[in-house]
1. Sorted by accessible area (1.4 Å probe), largest first, how do B:THR393, B:THR161, B:THR463, A:THR47 line up?
2. For B:LYS459, give me every one of the lysines with a C-alpha distance below 18 angstrom, ignoring sequence neighbours fewer than eight places off in its own chain.
3. From the phi angles alone, apply the Karplus equation (6.51, -1.76, 1.60; θ = phi - 60°) to segment B:388-401 and give each ³J(HN,Hα) in whole Hz, x where the residue is Gly or Pro.
4. For A:ASP5, A:ASP364, A:ASP208, write out the residues from largest to smallest accessible area, computed with a 1.4 angstrom probe and no ligands counted.
5. Given a cut-off of under 8 Å on Cα pairs at least six residues apart, what relative contact order in percent is computed for segment B:104-214?
6. For segment A:312-328, list residues with backbone N below 16 Å from a point placed 7 Å from the Cα of A:VAL360 toward its Cβ?
7. Which value in Å is the Kirkwood Rh of segment B:196-248 over different Cα pairs?
8. How much net charge surrounds B:SER504 when only other residues with a Cβ under 11 Å from its Cβ are counted (Lys, Arg +1; Asp, Glu -1)?
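The values are calculated or read from the model by the stated rules, or taken from the named source; none is laboratory data. This structure is a prediction, so every number in the text was calculated from the model and none was measured. Ideal geometry is used to build each Cβ from the backbone, glycine not excepted, and the neighbour counts take in all protein chains shown. Quick note on the areas: whole protein, heavy atoms, side chains included, nothing else; ligands and nucleic acids left out. Shrake-Rupley method; radii C 1.70, N 1.55, O 1.52, S 1.80 Å.
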Amino acid sequence: MNLTDYNLQENPFRIGPPLKANDIIWAGFGTLKSQIEQRIKIGIQTTPSKIILNWGRYGSGKTHAANYFTRKNRIDEIRNELGAQPVKAIKISLPRTGNDPVQAFFRSFLGQVSLKNILNDIKLVVDRVTLDETINLIRAVSSDSVISTVFEKFARGLNDFELAQMEGYLFGDTTRSTLSKLGLPAGLKDDEQVVNFLSTYINVITQDSTPYSLLVLWVDEFEDIDTLNKISQDRVTTFLRQLFDKSPNKFCLFLNFTPKTFYNIEDLSITLGEALSTRARLRITFEEPSVQEAKNYIDELMNNVLYRPTAGDRFVPFESNNVIFYILDHIGRLSIRKINEVFSLLLELALIYEKPMIDVAFIDQIKDELVAWEQ
Amino acid sequence: MVDQKSIFELEDFCLKIHYEDSIIERVYVIDFHLNISDKIRPKSYDSEFIINNLIKAPQSTILKVVFSESAYVVRSEILGNYGVLLFAAISDRLFTSLRHIVEFNYSHIPNYFIWNEVKRDDCENQTIKTYSIDFSSPEEVEYFPEFFLKILSSLNSVSITPIELKLNSNKILQRKYAGLKILQSNTKARRLGYLKFIIQAFSASNYFPVNYFNRKIELDIQSINPHLLEYKNNYNGDDKGLVSLSNNGISVEPYLHLMKQLNILTEVNRSYILTKQTKVFFIIDKLYNGRVENRNQIIDEQKEKSSFNVFDLNILDRIYFLNQILISDSLYICSLLEVILILYNNSSSAGIKKVFKEYLLDELARISNSPDVTLNSIKRDVVELRKRIQSWTKAEVYLEHIIEPRLNWLLDLKLIVQIHDKNKKYRLTDSGTRLLNYLSGIYESVGVKHIYLPELLLKDYFTLFSYIYDLKAKAIFDEPFVLEKLEQSFILFKTDAPNRITASQAINFVCYTALIEKNITIEFNEVKDYLLKGQNKEFLLDWFHTENDGSLSKRRK
């Protein structure tokens with residue numbers, strides 16, 4: 001027996017994120033999706049930058065949301081509907097290395113938005129408003145002569161040799177020869193310079209909402225800030241605050257939080273607190289699903305065209321919707337991760353036992369295999 | 001002297017005399033560690049003979065005498081939530097003996113030990129409790145006979161009545177071991193009232209930049225300094241530990257350092273904020289406008305007339321500070337209380353400092369040698385700490401940073417008083433004695449006094465507090481009250497997190513207000529278990545074992 005006997009191409013209850021961007025799908029949780037999309041639409045259509053705090057327990061879908069909105073083309077669909085220019089969306093997990101968290105953050109950023117991409121984006125600006133205008137813009141927004149010089153070089157264009165040198169420079173190469181060849185006075189070492197680099201980039205490419213109408217930065221696993229020492233924690237929060245300060249327009253910062261508590265403080269909003277206390281803080285809650293919401297999720301997931309290209313009975317391989325409810329009623333507090341784990345295992349067990357369908361009798365037979373089962 | 005049964009054993013170079021007094025059901029065992037040239041084979045001799053001949057015999061020199069006294073636990077009574085050992089209270093006998101020895105030689109408190117044995121006797125398990133004391137210096141050995149005679153007649157009891165506690169097994173307790181807690185203290189940080197004032201400063205702001213706070217708070221503190229002298233004169237307090245005005249904020253720094261040690265303040269983004277645990281105290285203090293009195297206490301006419309004094313700690317202050325100190329500093333605080341009890345007539349600050357270093361070293365050895373302590377991390381911590389304490393040179397000078405502040409904290413907490421005669425001496429109050437009753441009860445039950453305190457206080461603290469300060473609070477789990485206070489917590493302790501507050505804040509809020517408003521005791525673990533069971537329809541608790549705290553949220557309707 002295999003999954004096609006269940007009219008499925010693949011096991012839809014995946015436990016890790018998919019490799020191909022197009023395989024990231026959104027099932028159920030319509031309200032949550034609208035809330036996030038609303039934030040993005042407002043970001044596209046209005047100017048002031050926003051910080052959005054995503055709160056949810058482990059396994060509530062925050063990372064999935066980050067992946068969905070940054071890797072897949074969903075934001076592109078939204079901006080097209082609004083007739084707006086493209087949106088730049090980047091997901092970064094908070095660095096766990098203690099020594100230089102801001103540098104780690106920067107490298108992660110460059111890993112996703114390569115130097116080539118940055119150059120292309122600047123070129124788009126030059127093509128639209130002329131080189132001189134671009135340089136004026138750069139000088140106006142950068143407030144840092146080194147960064148200003150770097151971006152001016154971007155604007156003028158780099159040949160292959162200079163490109164390689166510049167990459168080295170951005171990744172920390174500050175040898176005299178590199179610096180002199182690039183005509184730069186110093187390397188990018190300072191946390192504040194990293195802020196200036198990023199904010200200059202954001203400000204230049206979103207000026208007048210062209211070529212980009214918004215830059216979305218989604219920071220995942222923010223609770224890992226707890227693994228850093230105090231000094232590093234302060235550096236990260238200061239960095240985010242300064243980045244937000246220097247990018248007052250067209251910048252949407254999503255932060256993924258869990259409601260975990262810590263040794264001396266209530267939760268992470270206290271850590272961020274003073275850094276963001278004067279800025280608008282919007283919240284999105286990744287709530288625990290009710291049984292009905294969970295059922296909707298399962299239904300939409302199983303029947304997504306990616307997994308079930310040929311439509312059929314929606315509750316297959318389960319005998320009926322009641323069986324699905326039966327399971328959901330017996331696995332304690334619901335989270336998406338738990339649901340995925342339980343249902344994934346059920347499918348695999350059903351295949352092993354060669355069951356044409358999953359009914360209550362079968363579940364009772366193998367329920368000891370389900371760690372989450374509560375009688 | 002009544003004729004007693006005596007048994008002798010001679011083993012290696014140790015003469016053991018086992019001596020039973022059936023009337024008061026005490027058993028004495030005296031180990032004479034001897035250096036003897038001729039072997040002496042005694043038959044049954046009575047104690048006078050032993051003392052007069054054996055000890056003074058020219059053929060033998062005694063290196064050390066280990067004296068032990070055992071008693072059968074005969075009966076216990078329940079006092080509140082506690083059972084009180086009324087008969088054969090071994091801690092009482094131990095401390096009584098120690099006090100007498102110290103009267104003879106007040107520069108040294110001898111090493112001692114307590115242990116339990118269970119004997120099966122006529123189908124019944126009987127617990128025998130034993131304490132032993134080492135007479136190890138030549139002067140002490142010589143003093144021993146005089147001591148032993150005193151022991152047989154009655155001595156003035158120190159009146160310690162250990163509380164019999166229903167404790168988990170040692171294995172379970174050891175799993176919760178969280179380290180040997182010590183506070184780094186400075187001799188200047190003496191008045192707990194200043195800590196209260198600094199906490200109250202956070203009414204003006206949630207946070208204060210570190211660079212700015214010292215000078216600001218020092219300036220503000222000047223307004224309460226006049227209260228200090230009044231505290232000494234009218235409140236049985238003391239006026240030491242003044243925060244004067246400096247030009248760089250250095251005067252208040254020892255207090256801020258202490259507050260960080262006690263986890264009252266912490267730093268985030270280079271600013272000071274109150275910790276989550278302090279917020280409970282802070283918010284209740286604000287709710288009562290800083291004037292909390294326990295309803296059942298008789299309001300002191302005098303106090304009503306004069307305005308209250310910030311250094312005179314009220315019940316809320318004491319609930320909070322006593323807890324923080326007990327969980328952060330148990331080794332030094334417990335040892336200090338015992339030393340004060342034992343030294344009695346010599347319990348001046350100087351007298352205490354003379355004996356304290358040795359007492360600590362003995363105390364650490366007691367922990368290590370306890371048969372109930374098997375966890376390697378405990379033994380390792382003990383070894384490390386012993387090394388550090390051994391290396392104190394000029395201990396009596398260094399101890400000023402340890403003893404002076406703690407004497408004053410205990411004074412502020414009304415656990416000790418000062419007696420002003422020739423020297424300034426310290427004595428336990430009834431409250432202090434009751435705290436020692438609790439600690440002795442732990443020692444008699446699990447063989448160690450204080451390393452499990454943080455864990456034990458989660459199930460005992462409010463009952464203990466009521467017992468210490470004689471509040472006569474009843475243990476009642478008032479469910480409507482609990483639910484009401486949890487509901488209120490969602491407003492008082494709200495942060496940016498939606499539908500979620502820190503569990504320990506909510507639970508402590510319930511426990512604190514239960515005692516203060518209704519004079520009932522509800523313990524932390526009771527509320528936590530109630531929430532974890534999930535039977536209540538209102539709230540959902542997520543508990544994180546690694547942080548020993550959790551998230552409380554409201555169920556969706």
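1. Sorted by accessible area, descending: B:THR393, A:THR47, B:THR161, B:THR463.
2. Within the straight-line limit of under 18 Å, B:LYS459 reaches these lysines: B:LYS166, B:LYS171, B:LYS176, B:LYS449, B:LYS472, B:LYS474, B:LYS528, B:LYS533.
3. For segment B:388-401, the Karplus curve yields 5, 5, 4, 7, 5, 9, 6, 4, 5, 7, 4, 5, 4, 7 Hz.
4. Final ranking, largest accessible area leading: A:ASP208, A:ASP5, A:ASP364.
5. Relative CO of segment B:104-214 lands at 14 percent.
6. A:318-328
7. Across segment B:196-248, the inverse of the average 1/r is 12.3 Å.
8. That works out to 0.
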